[in-house]
Each structure stands twice: as C-alpha cells, then as structure tokens.
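Working notes for the structure below.
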C-alpha cells in the first residue's frame, strides 16, 4: 500500500511539473525576433557611465539593430577636462562609427550577447611637445614646450557583452584598441643639434560600461 501511494504521488508530481514546463515559450526563429523588435524597438541610445561618473566627459552612443546577429551605429565623445591642469595628452572630441557582429546570442531580442566590433575613430587631440636644445656657449641644455592641436584617424577592433531586458533597457561592457594613422614618431632630430619628443601615444583606447534604452 505504501509503495502504491508513493507511485501515485510521483505520477501526479510529474504531471504537474510537465504542465508547468509546457507553459514556457522559447523564441527561436527570426520572425519572432522581428516581432519583438516591433515591441521594444530596433534603435538604441546609451550613455557610458564610467566617463560620466569619473571625469567631466560624455560618451553617448546610438545603435541600430540590423538583425539578430549584427548592428551598426556611432558614438560621440566629448571631453571637458582642462588639458593644462590634468595631463599632457588629451582626446578632446571623437566620432566613432562602428559595426558589430553578435555571437552566441541564443536569446529572444537580437543584438544581444557577446559581440566583436570594428570601428574607426575620428579624433580631435591635444598634447604637449617638448623641444630640447644644447647651447654651446653656456654649455647647458634647455627646452621649450608647446601645445599641439590636431586631428587624427584610428581604425580598431573590440569585444564586449550586452544584455537586454523585456522593457528594452540594455547594459553592456566593451573593450577595444585602435592605432592612429598619422601619429608622429618621438625624438625626431631637428636642426641646431636639438631633438623633439611628445606625449602623444600611437594607440588609442575605446570602451567602458554603458546603460541604454531601446525604442
């Protein structure tokens, strides 16, 4: 009798558990993803919270979800730091178009999961250049410092991860690196036995932690 009661309990428990499982609907195909785009939107605006909280700078991005596996957009970076007070190198403004490829995104929203990104950065930069001279009369070296302003272009790549909830709010982190195409070399020889060096790096960083909203 006891064994019969145990078997009956197991039978009803399995039936109830099976019914709960059957009520879960998993979105798998691109048509359902497209329908969800209509609900939460396929455009996204986001703000890098690291730049916003740690320094007087804004990094605002706009992304369009092309399909379940790719997207494209651009980011605008505005730096309000005083270059003379903070450091000898500064990226004052940059426009960063990008294209993303999403991987391992077995989720319902599209444009979510791990991604690889290619970008190109158009940057307005400021940096200090020191010129060193050797004066044979007093037999002492001396130097001058000037602030250089200009534009440069840096292609690069990055990787990251994005999450999206059913309300369309997004959270992502990203890390990428690029290389400036017109970066001058340091310690170039100049006339009169002097030399020049600057604090401008040849590589550039792109990344951060962002919170966004689909619409």
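Read the figures in this text as sums done on the coordinates, not as results from a lab. This structure is a prediction, so every number in the text was calculated from the model and none was measured. All Cβ positions, glycine included, derive from the backbone under ideal geometry; neighbour counts span all protein chains shown.
Brief remarks follow.
- Here the label points at residue 118 and residue 149, each 7 Å from Cα along the C-beta direction, are separated by 3.4 nm in the simple model.
- Difference of contour (0.36 nm per residue) and Cα-Cα distance, residue 131 to residue 66: 18.4 nm
- A full extension of the chain between residue 182 and residue 211 corresponds to an added length of 7.2 nm, given 0.36 nm per residue minus the alpha carbon distance.
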